[in-house]
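Heads up: the structure comes next, in C-alpha cells.
The values are calculated or read from the model by the stated rules, or taken from the named source; none is laboratory data. What you are looking at is a predicted structure, and each value in this text was computed from that prediction instead of being measured. As a convention, Cβ positions derive from the backbone with ideal geometry for all residues, glycine included, and neighbour counts pool all protein chains shown.
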Amino acid sequence: MAQRIRVLLIIQRLGGGGAQQVVALLARGLSKEKYEIHLGLVTQASVAAASLPPWVTVHALGARRVRAGVLPLLHLVWRLRPRVILTGAPEVSFLVLLLRPIFPPKISVLARQTGTVSAALAFGGLPRYTRWLYQVLYRHADRLICESRAMAEDLAREIGIGEEKIAVLPNPVDLEGIRQAEDAPSAWNGPGPHLLAVGRLAPEKGFDLLLEALATVRGRFPHADLTIAGAGREETALKSLCRSLGLEDSVRFAGQVDCPYAFFPGATLFVLSSHHEGMPNALLEASAAGLPLVAVPASGGVVDLLRRQPGAWLAPEISSEALATTLLAALDAIRPRERFCRGFFTSADDMAAQKTYLGEQDAPGSQAPAYD
C-alpha cells in the first residue's frame, strides 16, 4: 500500500467565517486512504465540539491571537513534518510564510487568498504594512490559491508576482448539506418577502447599505423582512441604525451560524451587500441551492459568477440606492419560493482540484452530477 501524504491544514479556528468553513470542508472531503489529514487551529484551545470525521487529527494550539501562535505552530510542524501545508486565510498565511525558513525541509506551502487584495487594501481597516506583507511573504509560497480568475489577476498586479505561481481553484460547496436542508421546516414567519444575508458584522460587509435599502423596499413591500446570519463588532451600530430607520421589527440578527442552510427553505432571496469580497462561500451556497440572488459588484469574481445566471440580479454600483432598486426589480420578477437551476460547479470537481495541489489527483470518472 502506498504511503499516505501527510497534509497539515491550518486555520484560525473552527466555526469562523467562510475561509475556515472551506478548509474544514476540505478536511472532511479528502480521502483517508490517500491522505493523513491534520487540522491546526491557531486560536482555538479545545476541539470538543469539532464536527469532523475521526480520521482528521485536530490540533488546538490555543494562542490568544494568530501572531501569538509562533511557538505552538513551530512545534506542531516540526513534530508532524508534513509534506504539504495549506493555509486558510491571509493572516494565517503570513505567519506560516514568515516561519517557513525555519521549518523542516521539503515542505510545500500552499497559501489561500480569500479576498480581492486591491479592494481590501483600498477599503481600509488593515495595518499600513499589510501590502508589504503580501509583497514579501507571498513570494515564499509554492502556490497561491485564488477563488476566481479576477482575484488571481488582481493579486498578480498588486504584489508584482507572476501568474504562473497562482492557481485558480473555486471553493468546494457542501451540496449534501444543502440538499438535506431542503426538507427542513421554514425558519421564517409572516408573509414576507424574506431576505437573507450572511457574513461578519463588519464594515466591509455593507450591512448598513442593506438596511438602508430595506427601508426603501418596505415602501413597496411593507411586510419585507431581513435575517442577517453573522456576528461581529458592528452589531450595536447596526441595531442602532435599524432603530433610526424604523426597522426594529423587520430585521433579525441571528448571530454566528455555522451552516446558514437552515435559512434557505422559505427565503425569498439571498442578498450580498459587501464593499469587497473574493468569492464568498455564502453566495456560492445560496446559488447552489437555487435561491434568487441580488448582489452589488463586490469583486470581479462575483460579477463573473452572476453574469448570465438565471435568477440573479447585479446592482450597477455599490450604494444603498442601487441595491434598493435592484432588490425591487428582483422582487417584482420572482414568484414566492421560486428556485433556479444554474450551471454550477460541483463539489466533486472542485474538491478534486484542491486534491491535485495537495499532491495527488483522483482518478477520472469521480465527477458528481451537477446540482439540480
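Residue selection: S274 satisfies the criterion of being buried (at least 22 other Cβ atoms within 10 Å of the Cβ), within 22 Å of the chain's Cα centre (by Cα), over 22 Å from Q180 (Cβ atoms) and at pLDDT 90 or above. Scan region 117-139 and tell me whether some residue there is outside the structural domain of S287 (by TED's automatic domain parsing) and closer than 16 Å to Q20 by Cα. No: region 117-139 contains no residue that is outside the structural domain of S287 (by TED's automatic domain parsing) and closer than 16 Å to Q20 by Cα.
R143 meets all of the listed conditions (1) over 16 Å from the mean Cα position of the chain (by Cα); (2) touching a residue at least 60 places away in the same chain (Cβ under 8 Å); (3) in the same structural domain as L133 (by TED's automatic domain parsing); (4) surrounded by 22 or more Cβ atoms within 10 Å (Cβ to Cβ) but one, namely (4). Taking into account only those residues within region 63-99 that are touching a helix residue (DSSP H, G or I) at 6+ places or on another chain (Cβ under 7 Å) and among the small types (G, A, S), which is nearest to T114 (Cα to Cα)? Only one residue tops the list, namely A89.
Scanning region 242-261 for residues that are buried (at least 18 other Cβ atoms within 10 Å of the Cβ) and either within 15 Å of the chain's Cα centre (by Cα) or not β-branched (V, I, T) (or both) turns up C242, L247, S250, P260, Y261.
Scanning region 90-120 for residues that are small (G, A, S) and farther than 17 Å from A156 by Cα returns a single hit, S108. Summed over region 109-138, residues that are surrounded by 14 or more Cβ atoms within 10 Å (Cβ to Cβ), without any contact (Cβ under 8 Å) to a residue 60 or more places away in the chain and either basic (K, R) or in a strand (DSSP E or B) (or both) total 3.
Is it the case, given these coordinates, that E321 is within 16 Å of the chain's Cα centre (by Cα) and either surrounded by fewer than 20 Cβ atoms within 10 Å (Cβ to Cβ) or acidic (D, E) (or both)?
On the way: within 16 Å of the chain's Cα centre (by Cα): no; either surrounded by fewer than 20 Cβ atoms within 10 Å (Cβ to Cβ) or acidic (D, E) (or both): yes.
Against the criterion (within 16 Å of the chain's Cα centre (by Cα) and either surrounded by fewer than 20 Cβ atoms within 10 Å (Cβ to Cβ) or acidic (D, E) (or both)), E321 does not qualify.
Within the set T268, T236, T216, the sole residue that is of a type outside the set (K, R) and in contact with a strand residue (DSSP E or B) (Cβ under 6 Å, 6 or more places away or on another chain) turns out to be T268.
Given the structure, is G255 touching a His at 6+ places or on another chain (Cβ under 7 Å), modelled with pLDDT under 95 and not polar (S, T, N, Q)?
Working: touching a His at 6+ places or on another chain (Cβ under 7 Å): no; modelled with pLDDT under 95: yes; not polar (S, T, N, Q): yes.
Answer is no for this residue.
Go through region 158-194 and give me each residue that's in contact (Cβ under 8 Å) with a residue 60 or more places away in the chain, among the aliphatic types (A, V, I, L, M) and under 30 Å from A141 (Cα atoms). Result: A167, L169, V173. Restricted to region 198-222, and to residues there that are surrounded by fewer than 23 Cβ atoms within 10 Å (Cβ to Cβ) and under 19 Å from the mean Cα position of the chain (by Cα), the residue that is farthest from A282 (Cα to Cα) is P203. Could you give every pair whose Cβ atoms fall below 6 Å, whose first residue belongs to region 305-317 and is without any contact (Cβ under 8 Å) to a residue 40 or more places away in the chain, and whose second residue is surrounded by 15 or more Cβ atoms within 10 Å (Cβ to Cβ) and of a type in the set (S, T, Y), counting only separations of at least 6 or pairs across chains? Close Cβ pairs satisfying both conditions: W313/T326; A315/T326. Among the residues making up region 89-106, a single one is surrounded by fewer than 18 Cβ atoms within 10 Å (Cβ to Cβ) and β-branched (V, I, T): I102. Of the helices (runs of 4 or more DSSP H) lying entirely inside region 152-251, those containing at least 3 residues that are in contact with a Ser or Thr (Cβ under 9 Å, 6 or more places away or on another chain) and under 25 Å from M279 (Cβ atoms) span 207-217.
Might you check whether a residue that is of a type in the set (S, T, Y), surrounded by 14 or more Cβ atoms within 10 Å (Cβ to Cβ), outside the structural domain of H275 (by TED's automatic domain parsing) and without any contact (Cβ under 8 Å) to a residue 24 or more places away in the chain occurs anywhere in region 50-72? Full working, then the answer.
Here is the first cut: in region 50-72, the residues of a type in the set (S, T, Y) are 51, 57.
Still in the running and surrounded by 14 or more Cβ atoms within 10 Å (Cβ to Cβ): 57.
Pick out the ones that are also outside the structural domain of H275 (by TED's automatic domain parsing) and you get 57.
The next check asks that each one be without any contact (Cβ under 8 Å) to a residue 24 or more places away in the chain; those that pass are 57.
The answer is yes; a qualifying residue exists.
Go through region 277-316 residue by residue and tally those that are over 22 Å from C341 (Cβ atoms) and buried (at least 21 other Cβ atoms within 10 Å of the Cβ). The total comes to 6. Quick check on my filter: what residues within region 139-151 are within 18 Å of N281 (Cβ to Cβ), touching a strand residue (DSSP E or B) at 6+ places or on another chain (Cβ under 6 Å) and not in a helix (DSSP H, G or I)? Residues satisfying the conditions are I145, C146. Considered as a group, the residues in region 112-137 that are closer than 26 Å to V303 by Cα and aromatic (F, W, Y) include one that is modelled with the lowest pLDDT, and that residue is F123.
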